[in-house]
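Below: one structure, written as structure tokens.
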Amino acid sequence: MNDDLNISLSPGEPPDAELLKRITVQMESAPAVRPLPSNAILLTISLSLFAIISFALAAVVKFKAFAALSAGEMELYYGAIGLFALLFGRAVVERMIPGEKRQIRSFVPWIAAPAGLGLVMGTLFSDHSTVGFVSSGIPCLTTGVISALVSGVFGWRLLRCGYLVNPRETILLYGFFAGLVGIAVLALHCPIRNSLHFLVWHLGAMILAGIAGLLVGNYIENAD
Amino acid sequence: MPVEDTMPGVEALMAAYQQSDPDAARALVTQLSPQIFQFYLAQSRNRAEAEDLLQDFWLRIHKARATFRPGEPLMPWLYAIARRVRVDRYRKTKGAREHEIVTEQLPERAAPEAPRRNEPKISEMLQSLPESQREVLLMLKVSGLSIEEVARATGVSVGSVKQKAHRAYESLRKRLGRGK
């Protein structure tokens with residue numbers, strides 16, 4: 001960067017002294033607050049919430065997937081979901097703090113998660129049949145969307161502990177993160193070993209949650 | 001000279017403000033308001049609007065104060081919020097401005113400073129830069145933030161900040177007649 005222009009702006013006029021006095025009076029009466037914990041703690045809380053809500057909701061609809069999956073398949077399937085939960089969690093947490101160093105670009109998680117999960121499921125399940133495609137899919141989509149909604153509501157309080165300097169971007173990511181809870185619940189519940197079923201109905205729940213996040217984010221961005 | 005060098009301990013003041021220390025609140029407002037005001041004034045060129053923005057800024061600082069973590073640099077946190085305040089104001093007034101005749105505002109515009117030897121109406125020339133470049137240049141040259149701090153405040157990469165600053169310098173250089 002060639003900065004040989006010797007640019008400098010003089011301090012200029014100060015703000016109005018009366019205004020500063022008014023601001024000071026308001027600021028002086030601020031009650032004490034506890035600073036937010038570190039990113040590592042916030043991330044741990046996010047992932048714990050993710051796991052607790054996923055297991056609690058899966059317990060409601062029954063853990064039917066365990067019987068249908070081998071140990072290796074479970075490792076890959078649940079490992080991929082865990083990895084993307086980590087990615088979304090990290091991306092959301094670093095957007096809750098103003099001026100925080102961003103290590104994850106916003107588009108990476110919501111492109112990588114559907115693509116990565118689609119690839120994993122395409123590899124794991126070779127069945128592409130469309131018998132009973134819609135009738136078996138709608139309940140999964142419904143379960144996934146409801147799970148996303150529940151987790152979105154539960155996690156909202158944590159999200160609002162931060163200060164969002166870019167609500168649209170952050171809540172879009174948060175929507176996808178909530179949608180990943182939907183996928184996790186279905187991963188614990190749905191015994192259907194069909195890659196098309198997964199791609200449309202399971203991933204569909206996450207995409208819908210992401211769209212909902214975008215709409216809510218837009219609303220908040222314009223309402224603030 | 002970076003602004004932080006002239007005001008040691010703003011992070012400590014912020015930490016004290018979080019603990020409800022009125023002296024720290026007073027010191028923060030006194031020490032930081034001039035540069036934040038300058039940041040707004042250079043982008044709005046309207047004193048009344050810049051003062052409104054400054055007031056809104058401190059209100060947001062008050063609301064967001066728990067998100068500052070003692071031990072972390074204050075400036076990126078502060079400027080991320082300052083930026084957000086300006087973006088919100090811009091969006092809110094955008095629609096109104098499109099339908100307004102702005103002649104009323106003309107007398108309020110800050111008078112451009114007399115050019116100095118190495119400062120040929122820079123403040124006016126900044127207005128010709130695209131918003132993102134102007135913002136980066138203001139943070140670097142007026143507020144004295146480092147490139148890393150500007151990257152954190154604006155939520156982009158260090159490379160992107162360098163690129164914007166480089167383009168801004170190139171543009172100003174051309175206007176100054178020092179183009180290569």
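Based on this model, can you work out whether B:LEU54 counts as at pLDDT below 95, over 21 Å from A:LEU159 (Cα atoms), at the interface with chain A (Cβ under 10 Å from one of its Cβ atoms) and open to solvent by less than 50 Å² (accessible area, probe 1.4 Å)?
Judged against the criteria, B:LEU54 is not a match.
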Please enumerate the residues belonging to the range A:98-116 that are open to solvent by 60 Å² or more (accessible area, probe 1.4 Å) and not basic (Lys, Arg).
A:GLN103, A:PHE107, A:TRP110, A:ILE111, A:ALA115
For A:ASP3, state whether it is charged (D, E, K, R), at pLDDT below 90 and touching a helix residue (DSSP H, G or I) at 6+ places or on another chain (Cβ under 7 Å).
yes
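Being touching a Phe, Trp or Tyr at 6+ places or on another chain (Cβ under 8 Å) and over 30 Å from B:ARG89 (Cα atoms), is that true of even one residue in the range A:154-161? Talk me through it step by step, then tell me what you get.
Of all residues in the range A:154-161, those touching a Phe, Trp or Tyr at 6+ places or on another chain (Cβ under 8 Å) come to A:155, A:159.
Right, trim to over 30 Å from B:ARG89 (Cα atoms) and you get none.
No: zero hits.
Condition check ((1) in contact (Cβ under 8 Å) with a residue 60 or more places away in the chain; (2) over 30 Å from A:PRO98 (Cβ atoms); (3) out of contact with any strand residue (DSSP E or B) (no Cβ under 6 Å at 6 or more places or on another chain)) across all residues:
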{"site": "A:VAL150", "(1), (2), (3)": "yes, no, yes"}
{"site": "A:VAL153", "(1), (2), (3)": "no, no, yes"}
{"site": "A:CYS161", "(1), (2), (3)": "yes, no, yes"}
{"site": "A:ILE171", "(1), (2), (3)": "no, no, yes"}
{"site": "A:PRO191", "(1), (2), (3)": "yes, yes, yes"}
{"site": "A:ALA209", "(1), (2), (3)": "yes, no, yes"}
{"site": "A:ALA212", "(1), (2), (3)": "yes, no, yes"}
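The values are calculated or read from the model by the stated rules, or taken from the named source; none is laboratory data. None of the values given here were measured: they were computed from a predicted structure. In this analysis, Cβ positions are derived from the backbone assuming ideal geometry, glycine residues included, and neighbour counts consider all displayed protein chains. Side chains are part of the model used for accessible areas, which takes the heavy atoms of the whole protein and leaves out ligands, DNA and RNA. Shrake-Rupley method; radii C 1.70, N 1.55, O 1.52, S 1.80 Å.
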